[in-house]
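Read-outs throughout are calculated quantities, based only on the coordinates presented, and are distinct from any laboratory measurement. The structure presented is a predicted model; accordingly, all values stated were derived computationally and were not measured. For neighbour counting, all protein chains shown are included, and Cβ atoms are generated from backbone atoms with ideal geometry for every residue, glycine included.
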Ligand code: GLN
């Protein structure tokens, strides 16, 4: 066999499902409710700040861990909202998206042979991140309709080999917002077993009425055993800027910074200033953001229920999981293929968020981070599904 071939570490991974569904959406001219990105504008003030930074020749490498002003803004914002003191010099690392922040954190803090607990369904990167670090992911199920976990199952997942647990709330793909009780249980187990929490809180600002975001680091005793990842992408509708961060206990920051430096050197320079502008938007911006997303969530739920889906109402983030068994396809992937090719709506098959697709419920994920017109167009197209599925059911 030739040696000009991919290394074993990548050959077990599938291609990312998000990029593939967006490619299919373009190919079939479908309404793209698959990959999670908005089709509406980012706030003018932050675009102006990015353009001004480019014009002011901020076009060379940024300080590897982020400019002082941006790190200070990230730390101050977290402290103001959640009451957790953060030292920007010792605890904040600006990365190329929270995807990189998560990977740099796992690489920096997990050894081969360790176990990492991951809730399933999971955002697709967590499994490969753990595996690339030589660790074994251990999955704990979130179960529809409310995507609760079984406390006994979670408790039973912790062992002497457990090094970390990955938490993601508000959750992608389910929209579950972990309750204070959930987070406290996780925190108690982390303390009992001396385990690190790596908490992906990228959707922290997209939380609907009746729910509240509880950062893992805000639970007493957790600040020195939690890495919180976040970023600009979802809150400010700039997924293409690739600006995220890790907030870590000082003892772990050096490792994360080394990983980050070797992976990417630094995040794109002009967006550090834009990040400062973003984090100084008034509270009214965030109130409006959550309100707008809640009305999109309600619109999406209404569309899905009218077209025969059993959709599980999310408490946060910008996705809805919907059961598709009744449409009579052999798998959710087949249904998603049919939907993008024949109906003209792109989604993500829910089974791709599970380690064993055959053991997953048959669902698809709809992203509602779209203009109302886009959602209305999806509504019109899905009307054809009701007719065809009527024949099948
Ligand atoms: N976070 C987005 C999603 O879940 C995009 C992910 C990606 O493209 N890797 O759809």
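Extending 7 Å from the Cα toward the beta-carbon at both residue 23 and residue 372 defines two label points whose distance is 3.6 nm. So for 239, 174, 159, fewest C-beta neighbours within 10 Å to most, what's the order? Least to most surrounded, the residues fall as 159, 239, 174. If the chain linking residue 310 and residue 359 were pulled fully straight, counting 0.36 nm for each residue of separation and taking away their Cα-Cα distance, it would gain 15.8 nm.
Please find the FRET efficiency linking residue 261 to residue 295, where r is the Cβ-Cβ separation and R0 is fixed at 56 Å, and quote it to the nearest 0.05. Don't skip to the answer; put the middle values down first.
Working: r = 42 Å, r/R0 = 0.75.
Calculated value: 0.85.
At 0.36 nm per residue, minus the direct Cα-Cα distance, what do residue 90 and residue 286 gain on full extension? Give it in nm, one decimal, please.
Working: separation 196, 0.36 × 196 = 70.56 nm, distance 2.77 nm.
Going from the current span to full extension adds 67.8 nm.
For 356, 182, the sequence from fewest to most other C-beta atoms within 10 Å is 356, 182. Axis angle, to the nearest 10 degrees, between helix 180-193 and the longest C-alpha principal axis of the chain: 50 degrees.
As I understand it, the value is the acute angle between the Cα axis of helix 283-306 and the longest principal axis of the Cα atoms of the chain; what does it come to in degrees, rounded to 10? For 283-306 against the chain, the angle is about 20 degrees. Helix 68-82 axis versus longest C-alpha principal axis of the chain: approximately 70°, rounded to the nearest ten.
Taking the DSSP bridge list for segment 195-311 and keeping only pairs wholly inside it, about 50 percent are antiparallel. Of the beta bridges in the chain, as assigned by DSSP with both residues counted there, near 50 percent are antiparallel.
Write down the Kirkwood hydrodynamic radius of segment 44-279, to one decimal in angstroms, obtained as one divided by the mean of 1/r over all alpha carbon pairs. Don't skip to the end; give the middle numbers.
Working: mean 1/r = 0.0560 Å⁻¹.
When all Cα pairs of segment 44-279 are included, the Kirkwood radius is 17.9 Å.
Could you compute the FRET efficiency for residue 383 and residue 11, with r as their C-beta to C-beta distance and R0 at 41 Å, rounded to 0.05?
Values: r = 42 Å, r/R0 = 1.03.
Calculated transfer efficiency: 0.45.
With a cut-off of 8 Å between alpha carbons and a minimum separation of six or more residues, what is the relative contact order of the chain in percent? Contact order relative to length: 24 percent.
Can you tell me how segment 183-298 classifies by the Cα gyration tensor, rounded, prolate or oblate, using a/c under 1.5 as the rounded cut? Cα axes put segment 183-298 in the oblate bin.
In the chain, the calculated helix contribution to ellipticity at 222 nm averages -13000 deg cm²/dmol per residue, counting -39,500 (n - 2.57) for every DSSP H run with n ≥ 4. Over segment 119-172, all Cα pairs binned in 5 Å intervals from 0 give whole-percent P(r) values of 5, 17, 30, 26, 17, 6, 1, listed from short to long.
The modelled label-to-label distance for the pair residue 251/residue 325, using points 7 Å beyond Cα in the direction of Cβ, is 4.7 nm.
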